[in-house]
Structures are given as structure tokens and as C-alpha cells.
Amino acid sequence: MGHNPSMLNRTAYVSTQTTPQWRRLAAVAAREIILLAAASVFLALTARISVPLPFTPVPVTGQTLGVLLTGALYGPWRGALALVVYLLEGLAGAPVFAGGASGLPILLGPRGGYLVGFIAAAAVAGWLGGASRPAWLRFAGMLLATAAIYAVGVPWLTVAAARPLPIAIVQGLLPFLAGDVLKAALAAGVVPAGTALLTRLSRWSGQ
């Protein structure tokens, strides 16, 4: 029985169209995995910058800067997802939290609310702190993203550490305000250069 040339041609056409599509999807998936992994490493490194304070269970860390940059460079959805992946890694036992800590007790403890607040902060920073925004809006967005951390962290501290709200504000908010303003300004300032770098890397990788 002979083959239908037109059917063979259609089969060949579908095959040639499907293969590049799957390759593109695989390339996109690989790119997303690499970006999420890079964010996890970056956040873990910023968490290594940790200075305990004698009057509060909440340390001074570089995590806030890492969260702001991750959100602003990755955008709201990918940035928030990167923080979810980061928290899951810490819960699984990877030493990625401040000072190399990990595990469920950290999340349930006095610092847990700040970690959960990182997800919202990354989304806000991605929404308002991107390179396409004017400088003043980027800075305002970074401040708003920082406020999102405290909106979760301070109430969480009152429950986890059994502290009245005024004490939680004194211990979990006021000591960090000046440093957080500086981090917000730094993040807002470097986002355009960071975005340009990511764009060049994407072009270089052919994505």
C-alpha cells in the first residue's frame, strides 16, 4: 500500500514545528530554575550578614536588601516565588536563614513573621521598584516593601515571643528603621544596573 505524500508532508511539518516549541519550553523552564536557584543563593548569602542585638530576638541582617533586590529585579510574581522557594529550602533544613539557621522552629519563632513577610515584600518591590519606574517611585516602593515585612513580622513577634505590641515595636521595628531606609535607597539605586546586567545575560544565553 503506497504512502500519501500529502500526509507525509503534514507529519513532517508538525514534527518540525513541535520540536522547536518543546525546545523553547525546555529552555524557558531551565532559565526559570536557574533564576530561582540564583535568587536562593543570593538570599542565603545576604542572610549570612547577621548581627545579633542583646535586647531583641530579631537580628540585623542583610536579608532585607536581598529581598528588595530580588523582587525589583525579578518582578512581583517571580520575585515572590523566589522567596517561597527560599523559605521552603530553609524549612527543609538548608542553612539559608540568618546566621545559617534553618528548620520549622525558626519559622514558628520570633523571626518567622519577618521571613513570611519577605514574600509580600518581594511582590511589592517587583511591582513598584522595577527599573522602569522613576527613581522616587522606586525608593518609595522599596520603603513600602519594607513596611510589608514589619506588617507581618511585628504582630508575629508579639505572639511568638509573648510580648505586648508596644514592646514588640520597640524590639522588632524601631532599631531597624534607619538601616532599612539606607537599604531601600541602595536597592533603588542599583536596580537599573542590575536589570541591565540580567538583560545582557539573557541575550548572551540566547533566551
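Annotations for the structure displayed:
- Computed from backbone phi, the HN-Hα couplings of the stretch 70-80 come to 4, x, 5, 7, 9, x, x, 6, 5, x, 5 Hz, rounded to whole numbers (Karplus: 6.51 cos²θ - 1.76 cosθ + 1.60, θ = phi - 60°; Gly and Pro given as x).
- Here the relative contact order of the chain, from alpha carbon pairs under 8 Å that lie six or more residues apart, stands at 20 percent.
- Rounded if a/c under 1.5, otherwise prolate or oblate - the stretch 90-199, Cα gyration tensor axes: oblate
- For the chain, adding -39500 (n - 2.57) for each run of n ≥ 4 DSSP H residues and dividing by the number of residues yields -26000 deg cm²/dmol at 222 nm.
- Length added when fully stretched, Val170-Ser102, from 0.36 nm per residue minus Cα-Cα: 21.9 nm
- Multiplying the residue separation of Leu182 and Val28 by 0.36 nm and removing their Cα-Cα distance gives an extension gain of 51.9 nm.
- Assigned charges on the beta-carbon of Lys, Arg, Asp, Glu; the chain dipole about Cα centre (debye): 500
- Rounded to whole numbers, the Karplus 3J(HN,Hα) couplings from phi for the stretch 131-138 are 5, 6, 7, x, 4, 5, 6, 4 Hz, using 6.51 cos²θ - 1.76 cosθ + 1.60 with θ = phi - 60°, and x at Gly and Pro.
- Burial ranking of peptide ranges 142-151, 68-77 (average Cβ count within 10 Å, highest at the top): 68-77, 142-151
- Sequence-ordered 3J(HN,Hα) estimates for the stretch 87-101 from the Karplus curve with 6.51, -1.76 and 1.60 and θ = phi - 60° stand at 5, 5, 4, x, 5, 6, x, 5, x, 10, 7, 3, x, x, 7 Hz, glycine and proline given as x.
- Label separation (Leu88 vs Leu137): 3.2 nm, computed from points 7 Å beyond Cα along the C-beta direction.
- Estimated distance in nm for a label pair at Thr195 and Leu45, the labels positioned 7 Å out from Cα along Cα-to-Cβ: 2.2
- Each peptide in 135-141, 111-117 gets a packing score, the mean of other Cβ atoms within 10 Å over its residues, and the list from highest to lowest is 111-117, 135-141.
- Hull volume in cubic angstrom per residue (convex hull over the Cα atoms of the chain): 147
Rule-based calculations on the coordinates, nothing more; no lab input. Owing to the predicted nature of the structure, the values given are computational and were not obtained by experimental measurement. Note: ideal-geometry Cβ built from the backbone for every residue, glycine included; neighbour counts use all protein chains shown.
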